[in-house]
Amino acid sequence: DPDLKPDPAKQTDRPEPVVYPAPGKFQKSRKRKTTMDLSSVFGLIQTALELGLICSVTVLALYLSYTMLNVCDLSTDGCFTLGAVTGAVTAMAGHPVLAVFAAMGAGLVSGLVVSVLQTRMGVNSLLAGIIVNTALYSVNIAVMGNASVLNMNKTETVFTKMRALLEHTALAGQY
């Protein structure tokens, strides 16, 4: 039959059996109404601003190197990540203040490698940045001890120290 219609002669008056799901399973969940209040909107805006300001450091480095030095340095995001990884590992070792200086030192050394490739070895700035950025992916994993994520939930950092300092002030609930 080209229309694939059921044959009325073969239909029975028997109703189709109803299959009930097992108790507790496959039952429709009630839709929760989620409301967004003003404090959650401000929290969302604060998080967006924090992440934007953190990433703006990398953008500023790219902008300055390209406009003032006329050098396209693509290693800045790799150097930024190396500093973050080095700081995290140092803080996890129990030295939260030293972590800030270790992060700056790691970024300085990786920038030095790029500049040596460009000035002493004569490698094109674009290619030197790509080489160092690619190499820093492996270096970052090695610094983290062959892990892809570091768990810093119970690690004391400069931020937790600052929170402890601000605990009995007017800014206590803001952080």
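The figures follow:
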quantity: Failed condition for Asp77, given (1) open to solvent by less than 30 Å² (accessible area, probe 1.4 Å); (2) closer than 30 Å to Met162 by Cβ; (3) at pLDDT below 85; calculated: (1)
quantity: Number of the condition not met by Thr90 [criteria: (1) touching a Leu at 6+ places or on another chain (Cβ under 7 Å); (2) open to solvent by 30 Å² or more (accessible area, probe 1.4 Å); (3) part of a helix (DSSP H, G or I)]; calculated: (2)
quantity: Filter pass, Val41 being out of contact with any Lys or Arg (no Cβ under 9 Å at 6 or more places or on another chain), among the aliphatic types (A, V, I, L, M) and farther than 24 Å from Val139 by Cβ; calculated: yes
quantity: Top-ranked residue in segment 113-136 [being loosely packed, with under 12 Cβ neighbours inside 10 Å and not β-branched (Val, Ile, Thr); ranked as farthest from Gly87 (Cα to Cα)]; calculated: Gly122
quantity: Flag for Leu69 being surrounded by fewer than 16 Cβ atoms within 10 Å (Cβ to Cβ), modelled with pLDDT under 90, farther than 30 Å from Gly43 by Cβ and out of contact with any helix residue (DSSP H, G or I) (no Cβ under 6 Å at 6 or more places or on another chain); calculated: yes
quantity: Residue in segment 153-164 that is over 25 Å from the mean Cα position of the chain (by Cα) and either closer than 30 Å to Gly43 by Cα or open to solvent by 30 Å² or more (accessible area, probe 1.4 Å) (or both) present; calculated: yes
quantity: Pairs, first under 18 Å from Ala106 (Cα atoms) in segment 121-136, second open to solvent by less than 40 Å² (accessible area, probe 1.4 Å) and assigned to a helix (DSSP H, G or I), C-beta under 6 Å, six or more apart; calculated: Ala128/Val114; Ala128/Leu117; Val132/Val114; Asn133/Gly78; Leu136/Gly78; Leu136/Leu82
quantity: Residues of segment 140-170 that turn out to be among the polar types (S, T, N, Q) and either in contact with a His (Cβ under 9 Å, 6 or more places away or on another chain) or free of Cβ contacts under 8 Å to residues at least 12 places away in the same chain (or both), as a count; calculated: 5
quantity: Residues of segment 116-137 that turn out to be farther than 10 Å from Leu74 by Cα, part of a helix (DSSP H, G or I) and among the aliphatic types (A, V, I, L, M), as a count; calculated: 4
quantity: Criterion: open to solvent by 20 Å² or more (accessible area, probe 1.4 Å), in contact with a Ser or Thr (Cβ under 6 Å, 6 or more places away or on another chain) and without any contact (Cβ under 8 Å) to a residue 24 or more places away in the chain - qualifying residue of Ala103, Ala84; calculated: Ala103
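The values are calculated or read from the model by the stated rules, or taken from the named source; none is laboratory data. Small disclaimer: the values here were computed from a predicted structure and weren't measured. Positions of Cβ are generated from backbone atoms using ideal geometry, with glycine treated the same way; all protein chains shown enter the neighbour counts. What goes into the accessible areas is simple: the full protein's heavy atoms, side chains included, and nothing from ligands, DNA or RNA. Shrake-Rupley method; radii C 1.70, N 1.55, O 1.52, S 1.80 Å.
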